[in-house]
Amino acid sequence: MKDRIIKKLRRTFFDTRELQAGTHLSPLLSGPAFLPYTSSSLSLHALHAITNDVIVNSRTRIVEFGSGISTLLVARLLHRHQLDATLISIEENSGWMEVVKKALESEGIATKVQFIHAPVVPHPSVPMCHCYDPACVQKALSGISIDCVIIDGPSSWQKEFINSRVGVWELIDHHLASSSAVFVDNADRSGEKILLEKISKQRKGKPIHINSGFVAWLEGSYYNFYL
């Protein structure tokens, strides 16, 4: 755990692409609402790739697994650019979800986000996997064609839950639009590597390694969106 945090901090403070991303993101990072930015947060480089993709590839139905700084930045992006798009934010922790929701409400941008509280439940066939309750997720995604997915949840850093994000794929694969992006954080961890294998078997596109811990799959035509 300590080594992983040190590795991420080094990437954050010494990667020139991280600095470039932070500079470009500065308008979205400024605002009255405050959310903590920690070693568990998406890197600025990852956030830059996501927000770029939303703009240049005209994403309109965005789903994220794991609320946080990405929720705030994407909501600001949609609001400030007056985009006809919606973010569905699926979160396991109801207390943290309320913190994020209040931050958005304080800026008057909460209408851009649909929050879904989905507790984690043991997966019936994947060991060490406590994933989002399928009933909650499927109800939220019913009839929706998703063109952008951000997988940064549920919590999977503990050994007994290390494969928890593996179960996310089966919740979304049949909801994806023919032209879509799937972003996976912590792609260098063992559980997430299993998730990446699942995606590569079913996605026609090839993975784009944004950095060592963040990977994107793109299908359909798209414009360049990453540093």
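Straight-line reach from LYS204: which aspartates and glutamates have a Cα under 12 Å away, not including same-chain ones fewer than 8 places off?
Result set, ordered by chain and number: GLU219.
Give me the distance in nm between label points sitting 7 Å out from Cα along the Cα-to-Cβ direction at GLU105 and GLN138, one decimal.
Simple spin-label model gives 3.2 nm for this pair.
Given charges of +1 on the Cβ of Lys and Arg and -1 on the Cβ of Asp and Glu, with all other atoms neutral, how large is the dipole of segment 75-221 about its Cα centre, in debye to the nearest 20?
Numbers: 15 positive and 17 negative charges, 56 e Å.
Dipole of segment 75-221, to the nearest 20 debye: 260 debye.
Using a 1.4 angstrom probe on heavy atoms only, work out the carbon and sulfur share of the accessible area of segment 109-227 in %.
Ligands and nucleic acids excluded, carbon and sulfur reach 55 percent.
Which of GLY220, GLY143, ALA187 sits farthest toward the positive end of the charge dipole of segment 79-227, with +1 on the Cβ of Lys and Arg and -1 on the Cβ of Asp and Glu?
Of GLY220, GLY143, ALA187, it is GLY220.
Cut-off 20 Å, label point 7 angstrom out along Cα-to-Cβ of SER179: give me the residues of segment 57-71 whose amide nitrogen falls inside.
Zone members listed by number: 57-63.
On a 1.4 Å probe surface of the protein chains, which of PHE34, PHE225 comes out largest in accessible area, and what is the full order? Intermediate values should be presented prior to the final figure.
Working: PHE34 165, PHE225 5 Å².
Accessible-area ranking of PHE34, PHE225, largest first: PHE34, PHE225.
To the nearest 0.05, what FRET efficiency results for LEU227 and SER125 with a Förster distance of 45 Å applied to their C-beta separation? Intermediate values should be presented prior to the final figure.
Values: r = 38 Å, r/R0 = 0.85.
It comes to 0.70.
What FRET efficiency comes out for the pair LEU83/PHE34, r = Cβ-Cβ distance, R0 = 41 Å, nearest 0.05?
Numbers: r = 24 Å, r/R0 = 0.58.
It comes out at approximately 0.95.
Is the shape of the chain best called rounded, prolate or oblate, per the rule: a/c under 1.5 gives rounded, else a/b larger than b/c gives prolate, else oblate, with a ≥ b ≥ c the square roots of the Cα gyration tensor eigenvalues?
Values: a/c = 1.21, a/b = 1.13, b/c = 1.07.
Because its axes are fairly even, with a/c under 1.5, the chain counts as rounded.
Return one whole number: the accessible area per residue of the chain in Å², for a 1.4 Å probe.
Working: 10730 Å² over 227 residues.
That works out to 47 Å² per residue.
The values are calculated or read from the model by the stated rules, or taken from the named source; none is laboratory data. Keep in mind that this is a model prediction, so the values were computed, not measured. Virtual Cβ from ideal backbone geometry, glycine too; neighbours counted across all protein chains shown. All accessible areas refer to the heavy atoms of the entire protein, side chains included, with ligands and DNA or RNA removed. Shrake-Rupley method; radii C 1.70, N 1.55, O 1.52, S 1.80 Å.
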